[in-house]
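Below: one structure, written as structure tokens.
The values are calculated or read from the model by the stated rules, or taken from the named source; none is laboratory data. Just so you know, these numbers come straight off a predicted model, no measurement behind them. Here Cβ is always computed from backbone atoms with ideal geometry, including for glycine, and neighbour counts include all displayed protein chains.
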Amino acid sequence: MAIVQMKRIHIVALQTDRKAILEHIQRFEAVEVRPVRGEDDRLSKKDTSRQIATFDRGIQTAKEALAILDEKAAEKKVLFAPRRQVDEKQYRQSAGEWKQYLDVAQEILALSKEAEEHRSAAVKLEAQIETLRPWERLDVPMKEKGSTHAAAMIGTLPEEITPESIRERLPDLPEETYLEVVSSTREQTCLFVASYRPEAERVESLLRTIGFGRPGWSLSHRTCREKIQRLEQLIAEHREKAEQCEQSIVDHREDRRKLEFLSDYLAMRREKYEVLERLGLTEHVFVLEGYVPAKAAGKIAAILEKRYGAYVELLEPDDPEDVPKAFQNGPFVAPVEGITASYSMPGTHDLDPNPVMAFFYYLLFGMMLSDAGYGILISIATGYIGFFSKAERRTKNTMRMFFYCGLSTTFWGALYGSWFGNAVGAIAENFLGSSFAIAPIWFDPSKDPMTLLIFSIAVGVVHILLGLGVKFYNLCRQGKPLDAVFDAGFWMLAIAGLSIMAAGMVALPETVLGNVGIGMTVVGFLGLLCTQGRDKKNILGKILGGIMSLYDITGFFSDILSYSRLMALGLTTGIIAATINTLGTLPGKGVVGVIAFAVIFVAGHAMNLAINMLGAYVHCNRLHYVEFFKQFYEGGGKLFTPFAVNTQYIRLKEEQQDD
């Protein structure tokens, strides 16, 4: 139940076996391949950047094609469904057809692009129609220029105006000029003008003085109505072709599994070529180096030696800073490993924090959500997925974490008497005329928030002291018992003393408890004063170092006060739940009232659960990241990332790895 012990692995094997050995190592999912160390002129490296770029393009093509299928031919998906299992025969067969699968993906992308082009063309034609609409009443061709003796033109004026108004504003306009308003809006007037040809230029010049302008688009030999009809016909054709393309995409829905395989297969090959870059190569052999968990090292070495005649050497790591970290814990602790990994993997001298963290993580989460009804719902839903479903391991671990959080939530909710808030009492009083209610086992936080605040601070003190205790133990484990006493023990004594002193003054003022606390505090502070400047060279530096260290007590106070959020979030959940129940009872007792209550109850509590569950998760993480880990956890380690079958859609059936 700790950090996994690692060994360095050194493999030398024939080039002819390289592909098979790499596939075996990938299936083992237990070897992190590192670049071969040292300078050796006999070893060369293979540049695989071009192949990796090719695989990246193929993966992107497959994912884009899948996204198009999801949009056009969506498949009903099961929540938390496991990856599709593929046996060795299916895998080999599909691997031999991956180029055909890539052709399918490219065809889907081409169809999607063609459909989009047709839709874009239709939109552009619709915009043209909107431009032509004002001229629809014009019953002469739009390119009409008149006859030998008469000239015709069309254009617009930037306002709503009548022929009479035009003549009033242009008194020099020839009287024979024909003006017809084709359409008019507040913003513009579409005008048809006819005049004697010798007067045409003069007429246009006069009209330009009041804003006349020719259309900016090309004119047609058809009438405007004929042009619109032609454009509508083209739009219908484009839409029909777009629908045909989309139907062809839908017809590819049976190829979804091929595309999923293609994406995962290329991702696996990409990872192999990334590993290939890290190998040392000669004409006949290759060299592989990396890290492997100590428990699996012997088995892997035996299989590679027996099956491929490889030379495998297992060594103790020579650089502790370079060793990757992985966790190995029991079923109660393992679910929180992801929380720690999200923060940072353990550093060289760190302990595995998960066994210490797990209990308090579940405890604090439950205190923040603190409703027994919510806890039962969480435990039932996540317990089934985490323990009985076929979901992926990471999903099951997350669900198991929330299962334990749900149990803790139920526990604290029962202590506080919160079962969907005060739902039992509200239903009994308003619909059954009874005063029955579930009493809290301990106390009702909404009626006594001060007790909850004091208890929350007390939990914070214990949590901080636990962190310092881990630091104390870790320093002793490293052979630094004096540092453990000076840097952790005295702080534990001072903080515990202050807490006991406060408890004695508030809860038991007439006992010796307060004096005991004062004594512990004084001893702790004196110890800090005398030891925290020990790394300074001169006596003045040592004294100032000790004095300045006492200022750190403000940081501890700040950390401890952060645990007041346990009270804040716990109260919030219960008060909002009670408010929802009150709103639900407002419509009355009849059938309508019962239905209204049910709707409000379900919707309100679902929203309250979602919001406060998220809040509990975020703040529980924060308390551990910011307040707890800082007491003892350095972090900064490298996550163990073995060469593995990292797929999104398929999972290869496990085959027997030994003979």
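Here are the numbers for the structure shown:
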quantity: Filter result for the condition that a residue is exposed (fewer than 15 other Cβ atoms within 10 Å of the Cβ) and more than 26 Å from the chain's Cα centre (by Cα), over 297, 302; calculated: 302
quantity: Condition check for residue 313: touching a helix residue (DSSP H, G or I) at 6+ places or on another chain (Cβ under 9 Å), part of a strand (DSSP E or B) and more than 30 Å from residue 628 (Cβ to Cβ); calculated: yes
quantity: Filter result (over 30 Å from residue 108 (Cα atoms) and not in a loop (DSSP other than H, G, I, E, B)) within the stretch 34-64; calculated: 34, 44
quantity: Failed item in (1) surrounded by 13 or more Cβ atoms within 10 Å (Cβ to Cβ); (2) under 20 Å from residue 256 (Cα atoms), with residue 33 passing the rest; calculated: (2)
quantity: Whichever residue in the stretch 489-520 is surrounded by fewer than 20 Cβ atoms within 10 Å (Cβ to Cβ) and of a type in the set (S, T, N, Q) and, among such residues, is farthest from residue 544 (Cα to Cα); calculated: 511
quantity: Positions within the stretch 10-33 being within 16 Å of residue 310 (Cβ to Cβ) and assigned to a strand (DSSP E or B), in sequence order; calculated: 10, 11, 12, 13, 14, 33
quantity: Residue within the stretch 111-123 that is over 30 Å from residue 251 (Cα atoms), of a type in the set (S, T, N, Q) and not assigned by TED's automatic domain parsing to the domain that holds residue 383 present; calculated: no
quantity: Residue check, residue 518 touching an Asp or Glu at 6+ places or on another chain (Cβ under 9 Å) and within 29 Å of residue 461 (Cβ to Cβ); calculated: no
quantity: Residue match in the stretch 257-265 (condition: more than 20 Å from residue 85 (Cβ to Cβ) and either in a helix (DSSP H, G or I) or not assigned by TED's automatic domain parsing to the domain that holds residue 41 (or both)); calculated: no
quantity: Failed condition for residue 203, given (1) touching a residue at least 60 places away in the same chain (Cβ under 8 Å); (2) surrounded by 14 or more Cβ atoms within 10 Å (Cβ to Cβ); calculated: (1)
quantity: Qualifying residues in the stretch 309-321 (those that are surrounded by 14 or more Cβ atoms within 10 Å (Cβ to Cβ) and more than 11 Å from residue 12 (Cβ to Cβ)) - the one modelled with the lowest pLDDT; calculated: 317
quantity: Single condition residue 205 does not satisfy, out of (1) touching a helix residue (DSSP H, G or I) at 6+ places or on another chain (Cβ under 9 Å); (2) more than 25 Å from residue 231 (Cα to Cα); (3) of a type in the set (Gly, Ala, Ser); calculated: (1)
quantity: Tally of residues being closer than 20 Å to residue 199 by Cβ and either among the hydroxyl-bearing types (Ser, Thr, Tyr) or loosely packed, with under 11 Cβ neighbours inside 10 Å (or both) across the stretch 169-187; calculated: 5
quantity: Failed criterion for residue 142 (all others in (1) part of a loop (DSSP other than H, G, I, E, B); (2) without any contact (Cβ under 8 Å) to a residue 24 or more places away in the chain; (3) of a type in the set (A, V, I, L, M) hold); calculated: (2)
quantity: Matching option when the condition is more than 30 Å from residue 247 (Cα to Cα) and outside the structural domain of residue 212 (by TED's automatic domain parsing), among 139, 103; calculated: 139
quantity: Lone qualifier among 537, 542 - being under 29 Å from residue 499 (Cβ atoms), out of contact with any helix residue (DSSP H, G or I) (no Cβ under 7 Å at 6 or more places or on another chain) and modelled with pLDDT under 80; calculated: 542
quantity: In the stretch 1-52, the residues that are over 18 Å from residue 274 (Cβ atoms) and of a type in the set (Lys, Arg); calculated: 7, 8, 42
